[in-house]
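This report refers to the structure that appears directly beneath it.
The values are calculated or read from the model by the stated rules, or taken from the named source; none is laboratory data. Fair warning: this is a prediction, and the values are worked out from it, not measured in the lab. All Cβ positions, even for glycine, are placed from backbone atoms using ideal geometry, and neighbour counts span all protein chains on display. The area values use the complete protein model at the heavy-atom level, side chains included, leaving out ligands, DNA and RNA. Shrake-Rupley method; radii C 1.70, N 1.55, O 1.52, S 1.80 Å.
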Amino acid sequence: MSDLQARLLEAFKIECPEHLRGIRRTLRALEGGADSDDTFYDILRHAHTLKGAARAAGLAPVERAAHDLESVFSAARSDAVKPSNSLLQAVYHLLDLIETWVSSDPSARPELPEISELQKDASRTEPVEGRPLASTAESSSTSVRLSEAALDSILLRAGEVMTQNTVHRADISRLRELLKGLHELKSSLNGKAEESGRVEVLETLCREVVQEQQARSTRFHRTAKQLFQAVSEARLVQAEGVLSGMGRMVREVARTQGKNVRYLELGLDTKVDRAVLQELKVPVMHALRNAVYHGIEPPEQRVQAGKSEIGTVELSLQLREASLVVTIADDGRGLQEEEILRKAREHGLSGSLEELLTSPQLTTAEEVTDIAGRGLGLSVARQAVDSLQGTLQVSSQPGLGSKFCFEVPVTIFSRLLVFVSCLGQLFALQGHAVHALLEIEFDRLETVEGRQMLRVDGELIPIAELRELIAQGYPAARQRNRLPVVVLQQGARKTALVVDGFESCRKMMIRPCSVPGMPTDRIAGTVLREDGAVCLVLSVPYLLRRTATDSAFTITRAQEVSVSEPEHDWPASILVVDDSITTRTLERSILETNGYHVLVAVDGIEALRMLEQNPVDLVISDVEMPNLDGFGLLERMKEDQDLRRIPVVLLTSRRNVEDQKKGLELGAEAYLVKQEFDQVNLLETVRQLV
Amino acid sequence: MDELLRERARTLANRERQEVDTGTPYLVFLLASERYALPLAGLAGVVKIDRLTAVPGSAPELAGLLNVRGEVRPIYDLKRLLGRDGEEESWTNSLALLTTLSGLAIGLKVSEVEGLLKVSSRVDERATSSYSTGRTETGVTLLDIQLLERHPLFSEEAS
């Protein structure tokens, strides 16, 4: 066996149990009475992917068996018939045989008969032979390499060590305030030599502690960052290791289709996070297969069209900033857009070309074969891209070829999350699925066929209360008729959810969390916030599914509308940066009294950190500060893509024209001089800017 | 003869004391007002339940998720696991016993920890529930982690 073959087989052995587990789980759901289209789709998706993987690994019998599975459930799905018990038992039996087959020595592999034969056997020999224990299949595994889970766990902890340091730094800031207070106390004790002397001793002691802690924190941070980078890099692998089986698959498909194909690979030495590659592997496989099957024309057609007899299919990987771009291109006939649109109309579907192509209901294949044609391939691709928070672009030129372009983040370490409050608890939603955050008046809701809907960008979408979706029977006790609404979108499907409030947007790592008793369909994972609280990440597909299928939700008007609603329902956030606790306190109290949400930082460095972690609408900063002054902060903010647009007001005691000029040249929106500083002036400036 | 009997009584008494000393250490705790105990060897620690994140739609036995030294751990309500979920009590001040169940690091929510108890073999072995191994003379129900693993919540393959 060649090295490559061995690697492919090894990869298959890891992947196969996942699909078998997935199918078994869905079979149990069928037994339990589930019969939705989604249930069948789930089995089909696993069977389809298993088939492709088996082909790539050169395991024809498994490939045939998976195709058999696909055919059986495809038929059941289109007839909308619940499979009989004997059929389900036969399928269980086949899954067991596949499991044994994969883990056995090539010489001792069992036959993989067709499901119909197994069904006959089952009816002859009741009861059905018990399934082998999972351990017998798994014990033959001799893999000793470091598991991905172990690596993830190390990475997670490295990330947490960095978070811990942020907490430490906050402690140091507090110590600095103490030091400053002692200094001020000493100055105020003018003339009282004894007390002043005692305070001075304390001040010196405190200063030493601050310096030591600061130095320790810097060292600690450096080491933690190195650790984090080292572990992150350990996760990176050359794409070749995961994607190298594709050429063989392309050639085989070409051979069975009677097509001449030249296959090119570019950039397979690119280093990418292994998890990203694993997730992309299946979509890439489908796209390549589609390129040969749908794209490349038979040789005679190509010659007639004045093209070379040999078609070209190319897989290329490229890094673009923090993204990995994977392109699958062919020089075939291009996408038959009209055909796709016609089919879409037949199925009552609408949307962009990408959406239609990735819809599970659509297929453009004229006949069902084992190569492609059930329209599942690209919907699998869509799911993978969604879960990686990436994008998929399709372009095509009639007669010249088509191109599929996946763009995904190089690492899956941190995800953008939107935190919302509901039922007195914070929940996170994956940022890529959040289309908009709105505040709407109750009267904007429309009722269509007895269902409440919301018009967003001209489109009517269903709306529901998040609290009802995640925990039924909690009526909303609304005070006001202004509703904070999150609009979620996945593919063409959109839905609006009423929440209790918006909290923040942040990048964080999601930890999977499937423990007994956990409703894993509705919870996608957990995140650990800086304050140590565990926060649940809600599953977007679940929320979309529930609002689409369940029409029993009603959003009721508030009982009593409060007479004087505050002007800002979601108050603007202002970050006050000043090294003097007095100024901070003063500004904070003025701004908070006027309904703003205020964050404070003691210097430019802390301000940047807070800007990274919190959404801020305006920064009011002192100029003279330790570590990083107001000019420095302004400069750094203007260099940053995201922070650039936040207006900055500089506030200082200097009445220096040069300084004012410098501040404004650097991009400050306003410049206030402390001597002229008064409440009215400050508030007027703030009102103009937010 | 007397001497012989005294000698024998001493030996017996010693053996008794030895048995007490070498008995298995258990941690005694309260669930509502009843006393239960788990073998100390199977426990990794006790933490105060502070800011438990409730999981909407979860099995009632899953009290919530807790950050235990940077790990997200599921906390199960031991009272409900034992099927004694009659009276409701506040969980704000309860404790979690840290342990491992079927390879999964979990916490078991209890009301209060009473202390250690060394249990010799002389207990009433008539099990009072499917998860207990017996009951001491002082009325403490002895539980067993391995038996808890057989609870339907843990023995069914998580789906």
Residues that are buried (at least 21 other Cβ atoms within 10 Å of the Cβ): which strands (runs of 3 or more DSSP E) entirely in region A:222-323 hold 3 or more of them?
A:311-320
Pull out all pairs, ordered by first then second residue, where Cβ-Cβ is under 7 Å, the residues are six or more apart or on different chains, the first lies in region B:65-78 and is more than 7 Å from chain A (Cβ to nearest Cβ) and open to solvent by less than 10 Å² (accessible area, probe 1.4 Å), and the second is acidic (Asp, Glu) and part of a loop (DSSP other than H, G, I, E, B).
B:Tyr76/B:Glu61
Name the pairs whose Cβ atoms lie under 7 Å apart, with the first residue in region A:647-663 and open to solvent by 70 Å² or more (accessible area, probe 1.4 Å), the second modelled with pLDDT of 75 or more and outside any strand (DSSP E or B), and 6 or more positions between them or separate chains?
A:Arg654/A:Val623; A:Lys662/A:Phe631
Is region A:515-532 home to any residue that is closer than 28 Å to A:Ser573 by Cα, free of Cβ contacts under 8 Å to residues at least 24 places away in the same chain and among the β-branched types (Val, Ile, Thr)?
yes
Check region A:27-36 and report whether any residue there is under 23 Å from A:Met246 (Cα atoms), open to solvent by less than 40 Å² (accessible area, probe 1.4 Å) and in a helix (DSSP H, G or I).
no
Restricting the search to region A:53-65, which residues are on the phi < 0 side of the Ramachandran plot, touching a residue at least 24 places away in the same chain (Cβ under 8 Å) and either in a helix (DSSP H, G or I) or open to solvent by 30 Å² or more (accessible area, probe 1.4 Å) (or both)?
A:Ala53, A:Ala54, A:Arg55, A:Ala56, A:Pro61, A:Val62, A:Glu63, A:Arg64, A:Ala65
Output yes when any residue across region A:519-536 is modelled with pLDDT under 85 and among the polar types (S, T, N, Q), and no when none is.
yes
Residue check, A:Leu417 surrounded by 14 or more Cβ atoms within 10 Å (Cβ to Cβ), under 24 Å from the mean Cα position of the chain (by Cα) and within 14 Å of chain B (Cβ to nearest Cβ):
no
Restricting attention to region A:165-205, which residues are open to solvent by 30 Å² or more (accessible area, probe 1.4 Å) and in contact (Cβ under 8 Å) with a residue 40 or more places away in the chain?
A:Thr166, A:Val167, A:His168, A:Arg169, A:Asp171, A:Arg176, A:Glu177, A:Lys180, A:Gly181
Taking region A:627-681 as the region of interest, how many residues are touching a Ser or Thr at 6+ places or on another chain (Cβ under 9 Å), of a type in the set (Val, Ile, Thr) and at pLDDT 85 or above?
2
Of all residues in region A:615-646, count the ones that are buried (at least 22 other Cβ atoms within 10 Å of the Cβ) and of a type in the set (Lys, Arg).
0
Pairs under 7 Å by beta carbon, first residue closer than 19 Å to A:Arg609 by Cα and outside any helix (DSSP H, G or I) in region A:577-598, partner of a type in the set (D, E, K, R) and open to solvent by 30 Å² or more (accessible area, probe 1.4 Å), six or more apart or different chains?
A:Val598/A:Arg588; A:Val598/A:Glu592
Cβ pairs under 7 Å, 6+ apart, first in region A:87-111 and farther than 13 Å from A:Leu59 by Cβ, second open to solvent by 30 Å² or more (accessible area, probe 1.4 Å) and of a type in the set (S, T, N, Q)
A:Leu87/A:Gln119; A:Ala90/A:Gln119; A:Pro110/A:Thr100
Just for region B:127-148: of the residues that are open to solvent by less than 20 Å² (accessible area, probe 1.4 Å) and of a type in the set (A, V, I, L, M), which one is farthest from B:Val28 (Cα to Cα)?
B:Leu148
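A quick yes/no check of all residues on (1) of a type in the set (Phe, Trp, Tyr); (2) open to solvent by 60 Å² or more (accessible area, probe 1.4 Å); (3) over 23 Å from A:Leu528 (Cα atoms); (4) at pLDDT below 85:
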residue: B:Leu5; (1), (2), (3), (4): no, yes, yes, yes
residue: B:Arg10; (1), (2), (3), (4): no, yes, yes, yes
residue: B:Leu27; (1), (2), (3), (4): no, no, yes, no
residue: B:Arg35; (1), (2), (3), (4): no, yes, yes, no
residue: B:Val46; (1), (2), (3), (4): no, yes, no, no
residue: B:Arg80; (1), (2), (3), (4): no, yes, yes, no
residue: B:Thr92; (1), (2), (3), (4): no, yes, no, yes
residue: B:Ile106; (1), (2), (3), (4): no, no, no, no
For a quick check of your reading: which strands (runs of 3 or more DSSP E) sit entirely within region A:486-548 and have at least 3 residues that are open to solvent by less than 30 Å² (accessible area, probe 1.4 Å) and either more than 17 Å from B:Ser58 (Cα to Cα) or more than 10 Å from every other protein chain (Cβ to nearest Cβ) (or both)?
A:493-498, A:501-508
Could you tell me how many of the residues in region B:48-64 are assigned to a loop (DSSP other than H, G, I, E, B) and either at the interface with chain A (Cβ under 10 Å from one of its Cβ atoms) or modelled with pLDDT of 90 or more (or both)?
11
Suppose we filter A:Val600, A:Val619, A:Val686, A:Val690 for residues that are in contact with a helix residue (DSSP H, G or I) (Cβ under 6 Å, 6 or more places away or on another chain) and under 27 Å from A:Val418 (Cα atoms); which single one remains?
A:Val600
Residues (under 18 Å from A:Thr556 (Cβ atoms), open to solvent by less than 30 Å² (accessible area, probe 1.4 Å) and assigned to a strand (DSSP E or B)) located in region A:453-470
A:Leu454, A:Pro462, A:Ile463, A:Ala464, A:Glu465
Restrict the check to region A:6-17 and report whether at least one residue is within 14 Å of chain B (Cβ to nearest Cβ) and closer than 15 Å to A:Ser103 by Cα.
yes
